[in-house]
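What follows is calculated from the coordinates using simple rules that are stated; it is not laboratory data. All figures in this text were calculated on a predicted structure; none of them were measured in a lab. Cβ placement follows ideal geometry from the backbone for every residue including glycine, while neighbour counts extend to all protein chains displayed.
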């Protein structure tokens with residue numbers, strides 16, 4: 001995994017449109033719906049190319065270092081789609097300016113069922129209505145795929161589990177083992193690294209955002225009756241920042257981004273082929 005991550009890091013640096021390896025930004029990109037109003041998909045947005053969609057939900061509680069559904073929005077998803085298009089032959093949907101389209105989708109939107117992969121962040125604050133839970137269940141059972149990331153500690157875990165069980169009441173949550181295909185789609189991912197947000201890393205050099213209550217990253221899933229993963233969880237880790245903040249700090253990039261993209265691309269390829 002170390003060798004593969006090093007190679008991927010070199011590839012990313014070489015293909016970066018802003019030559020990020022030599023020209024890292026000296027400022028922090030803003031994030032969230034306060035800086036970037038949500039972009040909702042038009043009625044006929046599905047055009048046969050890949051579109052990653054961002055889950056919009058209502059928060060019922062607050063978690064430190066998070067801003068609810070729009071945590072890591074939009075550049076985590078945009079950068080991940082850029083790298084997917086560069087490192088694989090997957091065509092991604094783009095705006096007229098060439099930037100990938102990262103559509104925001106609510107669980108009650110008809111557009112949900114045209115999103116092959118749904119990304120949720122800070123889901124330890126999420127509250128689902130009965131209608132939203134039913135739509136999420138239908139989406140997942142019909143072949144949809146949900147990845148939730150960047151939620152930390154026991155209270156956030158309990159909140160998330162309570163809400164996903166509204167949609168999938170009989171679902172068994174399990175640790176995804178090292179030999180599972182999702183960890184070997186393109187890159188070998190032997191270890192699920194704990195990643196903190198870049199501001200916490202620069203301030204503390206500590207990867208745990210909840211101290212003893214988030215000692216290690218957890219990679220867990222929910223599978224359907226045929227064994228297909230339909231929900232993936234990266235608990236106690238912020239993979240979104242490995243993509244979103246790739247060009248802001250060379251040390252952060254070298255430490256986290258290659259491994260973050262390894263997992264990210266593997267997950268997307270799994271979702272598209274299973």
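Using only alpha carbon pairs under 8 Å that are at least six residues apart, calculate the relative contact order of the stretch 175-227 and give it in whole percent.
So the answer I get is 38 percent.
Each peptide in 88-95, 140-147 gets a packing score, the mean of other Cβ atoms within 10 Å over its residues, and the list from highest to lowest is 140-147, 88-95.
With neighbour counts taken as other beta-carbon atoms within 10 Å, the residues 256, 174 rank, fewest first, as 174, 256. Report the calculated FRET efficiency for residue 212 and residue 35 (r = Cβ-Cβ distance, R0 = 30 Å), to the nearest 0.05. The pair residue 212/residue 35 has a calculated efficiency of 0.35. For a modelled paramagnetic label at residue 226, 7 Å from Cα along Cα-to-Cβ, the residues of the stretch 122-154 in reach, with backbone nitrogen under 12 Å, are 141-144. Length gained on full extension, residue 172 to residue 131, computed as 0.36 nm times the residue gap minus the Cα-Cα distance: 12.6 nm. Placing dummy labels 7 Å off each Cα toward the beta-carbon, the span from residue 110 to residue 45 is 1.4 nm.
Taking all Cα pairs closer than 8 Å and separated by 6 or more residues, the relative contact order of the chain comes to 23 percent. P(r) tail, the stretch 127-180: Cα-Cα pairs separated by more than 19 Å, 33% of all pairs.
Within 10 Å, count the other beta carbons around each residue, average over each peptide in 62-74, 40-52, and list them highest first.
62-74, 40-52
Peptides 213-226, 261-274, ordered by how many other C-beta atoms sit within 10 Å of their residues on average, highest first, read 261-274, 213-226.
What is the mean projected area of the alpha carbon convex hull for the chain, to one decimal in square nanometres?
13.5
Extent of the stretch 143-245 along its three principal axes (Cα atoms, max minus min coordinate, largest first): 44, 33, 23 Å.
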